[in-house]
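In what follows, a structure is listed as structure tokens, so that the remarks can point back to it.
The values are calculated or read from the model by the stated rules, or taken from the named source; none is laboratory data. Model, not experiment: these values are computed from the prediction. Note that each Cβ is placed from the backbone with ideal geometry, even for glycine, and that neighbours are counted across all protein chains shown.
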Ligand code: GLN
């Protein structure tokens with residue numbers, strides 16, 4: 001059987017949720033027992049998003065093989081079981097890098113190297129490479145919006161794929177907007193018509209239209225769009241705004257998107273089994289209570305910077321049937337004016353749990369240290385991820401072990417006590433570009449530790465990394481003497497992976513990024529346990545406040561174990 005492809009393009013405006021739409025299609029095909037591949041092409045010239053600011057591009061999603069990818073791959077991973085690696089996300093920059101490398105090597109044997117056919121061939125080869133694993137369907141998302149100059153080579157490549165493989169092996173899905181115009185009290189189809197026409201002008205006739213809309217699309221409206229855009233009426237799909245993203249696959253299923261795509265691709269499959277997704281959505285709508293988490297970071301004004309983190313916390317909360325309330329706190333705003341100044345504390349009061357996520361650079365570090373000190377001293381559940389683990393170690397060294405100057409060489413290269421440092425630098429190894437520890441690394445867990453309990457008693461785990469600096473084991477004896485426990489390391493003991501404080505209700509920091517591996521139907525145990533501990537804190541506090549309410553005393557700031 002020839003490889004089958006679904007190509008997803010976007011029109012009218014950006015940010016319509018193309019990644020989520022592609023992932024939802026993948027999810028529906030999997031729910032029918034099919035195997036899918038997911039891949040994305042990004043039309044920018046950066047070789048990968050690794051060098052882009054989180055403010056520009058949102059989170060950098062990391063795969064097991066250490067590829068720094070677009071955050072849409074996070075959606076793919078959360079909604080499907082598609083294998084994902086650096087082959088599944090290619091930018092214009094990387095395609096050109098490969099071509100120029102070949103050209104310099106003389107691989108083109110004197111030919112003039114051109115966008116067509118050389119760039120388009122490179123793009124098509126990348127698709128074929130992914131589909132070669134024999135999955136039933138490969139879903140290819142083309143980044144950007146139809147009409148952009150940058151995406152033209154990718155659109156030309158998928159046009160050629162249709163020519164080569166035929167209609168029964170390729171489907172064009174186009175995501176558009178049907179805006180509600182308040183002044184006219186009407187939904188408008190014109191932007192969709194224009195966008196479909198734009199695609200047609202480069203030789204692509206859309207097969208399925210996913211129409212983002214705030215309202216229901218009436219039968220007449222669908223008929224009109226179908227007629228003007230030259231698609232079947234049932235191929236006009238209302239992609240209505242939904243309160244939770246986990247509802248998107250269910251909405252698509254109701255509109256028959258999966259059945260239609262499979263018809264076009266001539267694939268027979270089982271009926272969709274969406275029981276688990278329905279249960280999940282039902283839980284979102286009927287939480288038993290809520291849990292409030294403060295996330296203290298530096299990219300908080302742009303939530304996409306912490307996309308997977310937010311998702312993973314949500315998964316943990318849904319698993320416990322709780323509604324998650326995240327408060328994003330700008331770390332810089334928690335800094336003290338003098339060592340005695342604790343005026344920041346009021347900003348941290350009343351949360352059930354505190355989390356410091358990953359990040360780079362010096363800004364906001366002192367505020368994070370204050371938040372961690374608060375969590376440690378007041379017995380508020382704490383979860384530190386990557387930078388949040390490093391800062392937890394620095395805080396412990398400063399305020400428990402008395403090393404006032406403790407720091408990371410990232411923030412103060414001249415610090416006397418570099419609790420966190422660049423291991424290779426100290427070993428005298430030359431630093432070249434791309435010096436991060438990236439992707440999956442094995443971690444050995446200490447028996448009877450909190451970490452080992454959370455992971456269900458296993459002795460080895462694998463988690464993904466994206467960082468440069470490491471815990472300095474020269475300070476291990478001092479810190480563990482003070483009560484910090486190192487509960488996870490790489491098998492050769494070189495790198496510290498997890499630290500915890502045993503005499504605290506829940507205090508854990510990990511050097512890796514567990515958020516990349518959490519899925520709505522398979523919540524990550526570290527997030528689930530952090531949510532559980534935070535909720536316990538909430539219940540204890542509400543118990544204390546109802547006990548003390550008759551005595552006219554004020555509530556203690558946080559529960560103790
Ligand atoms: N800046 C720290 C490092 O490079 C932490 C990185 C992160 O949190 N992802 O090690």
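Within the stretch 377-410, can you find the residues that are away from the ligand (no atom under 16 Å from the Cβ), under 26 Å from residue 310 (Cα atoms) and touching a strand residue (DSSP E or B) at 6+ places or on another chain (Cβ under 6 Å)? Across the stretch 377-410, the qualifying residues are 380, 381.
Conditions (1) more than 16 Å from the ligand (Cβ to nearest atom); (2) closer than 23 Å to residue 277 by Cβ; (3) surrounded by 23 or more Cβ atoms within 10 Å (Cβ to Cβ); (4) at pLDDT below 95, marked per residue:
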{"position": "502", "(1), (2), (3), (4)": "yes, no, no, no"}
{"position": "507", "(1), (2), (3), (4)": "yes, no, yes, no"}
{"position": "512", "(1), (2), (3), (4)": "no, no, yes, no"}
{"position": "515", "(1), (2), (3), (4)": "no, yes, yes, no"}
{"position": "522", "(1), (2), (3), (4)": "yes, yes, no, no"}
{"position": "527", "(1), (2), (3), (4)": "yes, yes, yes, no"}
{"position": "531", "(1), (2), (3), (4)": "yes, yes, yes, no"}
{"position": "537", "(1), (2), (3), (4)": "yes, no, yes, no"}
{"position": "540", "(1), (2), (3), (4)": "yes, no, no, yes"}
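Annotation note: of 64, 87, the sole residue that is closer than 24 Å to residue 442 by Cα, in contact with a helix residue (DSSP H, G or I) (Cβ under 6 Å, 6 or more places away or on another chain) and surrounded by fewer than 22 Cβ atoms within 10 Å (Cβ to Cβ) is 87. Every test in (1) surrounded by fewer than 19 Cβ atoms within 10 Å (Cβ to Cβ); (2) closer than 22 Å to residue 14 by Cβ; (3) at pLDDT 95 or above is passed by residue 230 save one, and that test is (2). Take residue 486 and tell me if it is within 24 Å of the chain's Cα centre (by Cα), at pLDDT 95 or above, away from the ligand (no atom under 16 Å from the Cβ) and assigned to a strand (DSSP E or B). So residue 486 does not fit the description; no.
Yes/no matrix, rows are residues, columns are (1) touching a strand residue (DSSP E or B) at 6+ places or on another chain (Cβ under 6 Å); (2) part of a helix (DSSP H, G or I); (3) surrounded by fewer than 16 Cβ atoms within 10 Å (Cβ to Cβ):
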| site | (1), (2), (3) |
| --- | --- |
| 129 | no, yes, yes |
| 134 | no, no, yes |
| 146 | yes, no, no |
| 172 | yes, no, no |
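Being assigned to a strand (DSSP E or B) and either touching a helix residue (DSSP H, G or I) at 6+ places or on another chain (Cβ under 7 Å) or closer than 20 Å to residue 391 by Cβ (or both) is the filter here, so list the residues in the stretch 433-481 that pass it.
Within the stretch 433-481, the subset assigned to a strand (DSSP E or B) is 437-445, 460-467, 470-471.
Residues satisfying the conditions are 437, 443, 445, 463, 464, 465, 466, 467, 470, 471.
Of the residues 294, 312, 317, only one is farther than 28 Å from residue 402 by Cα, under 26 Å from the mean Cα position of the chain (by Cα), surrounded by 23 or more Cβ atoms within 10 Å (Cβ to Cβ) and more than 16 Å from the ligand (Cβ to nearest atom); which?
Numbers: 294 fails: farther than 28 Å from residue 402 by Cα; 312 fails: more than 16 Å from the ligand (Cβ to nearest atom).
None of the other options fit; the residue is 317.
Please find, within the stretch 297-309, the residue that is modelled with the highest pLDDT out of those that are part of a helix (DSSP H, G or I) and surrounded by fewer than 22 Cβ atoms within 10 Å (Cβ to Cβ). Steps first, please.
Just the residues of the stretch 297-309 that are part of a helix (DSSP H, G or I), to begin with: 303-309.
Restricting the remaining residues to those that are surrounded by fewer than 22 Cβ atoms within 10 Å (Cβ to Cβ) gives 303-304, 307.
Numbers: 303: 77, 304: 86, 307: 93.
If we take residues in the stretch 297-309 being part of a helix (DSSP H, G or I) and surrounded by fewer than 22 Cβ atoms within 10 Å (Cβ to Cβ), then 307 is modelled with the highest pLDDT.
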